[in-house]
Amino acid sequence: MERDEPDDETYAEELADALVGVQRLIRRRLRAGLTVSRLRGAETELLRLVEARPGIRVSEAAKDLHLAGNSVSTLVNQLVRDGLLVRETDPADRRAARLLLTEAAGARLRDWRERRAALVRSQVDRLDPADRDALRAAVPALRRLAENLHEETDRP
């Protein structure tokens, strides 16, 4: 049964539920095809951040991920042990560590992105043209929504 458009009272809740549901199902489907050990969400977020900002300090990563420094240190230790991150001493501050991806981590992230894109593409292709167009038109607004949420999280 097709659902009607949500009214103003339920719109925000239904949008949030739909976004969470899509993300959960994408993760579940991608996990099913894994041949290597599964990374937790925070581990993947940290690897993606280090990929975007090679040499980032642990303290900066904690701030960007909105996690406690000791939580990020624990993630870093695990990812270093698993051969996915390299921690090197920051030449500007010998007490600080800079983070870099290993080749294995880069390959895992590329594989994950390719498999995710293929999964989403195949599911979007199953939709009727009007729904595909609606999703394409919604992407910029969803990006702005994510930016707004990120900015609010950064405020003191």
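The values are calculated or read from the model by the stated rules, or taken from the named source; none is laboratory data. Since the structure is predicted, the reported quantities are computational estimates derived from the model, not experimental observations. Backbone-built Cβ (ideal geometry, glycine too); neighbour counts: all protein chains shown.
Listing for the model above:
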{"item": "Answer from 118, 96, 137, 105 - the residue that is of a type in the set (Gly, Ala, Ser), more than 16 Å from residue 23 (Cβ to Cβ) and loosely packed, with under 10 Cβ neighbours inside 10 Å", "result": "137"}
{"item": "Output for the range 36-93, where each listed residue is surrounded by 11 or more Cβ atoms within 10 Å (Cβ to Cβ) and small (Gly, Ala, Ser)", "result": "42, 55, 59, 61, 62, 69, 71, 73, 83"}
{"item": "Enumeration of residues in the range 83-101 that are in contact with an Asp or Glu (Cβ under 9 Å, 6 or more places away or on another chain) and either within 20 Å of residue 41 (Cβ to Cβ) or without any contact (Cβ under 8 Å) to a residue 12 or more places away in the chain (or both)", "result": "84, 99, 101"}
{"item": "So residue 94, is it out of contact with any helix residue (DSSP H, G or I) (no Cβ under 9 Å at 6 or more places or on another chain) and either at pLDDT 95 or above or aromatic (Phe, Trp, Tyr) (or both)", "result": "no"}
{"item": "Residue ID - nearest to residue 29 (Cα to Cα), chosen from residues in the range 94-118 that are in contact with a strand residue (DSSP E or B) (Cβ under 8 Å, 6 or more places away or on another chain) and either part of a helix (DSSP H, G or I) or of a type in the set (D, E, K, R) (or both)", "result": "109"}
{"item": "Single condition residue 11 does not satisfy, out of (1) modelled with pLDDT of 90 or more; (2) outside any loop (DSSP other than H, G, I, E, B); (3) more than 16 Å from the chain's Cα centre (by Cα)", "result": "(1)"}
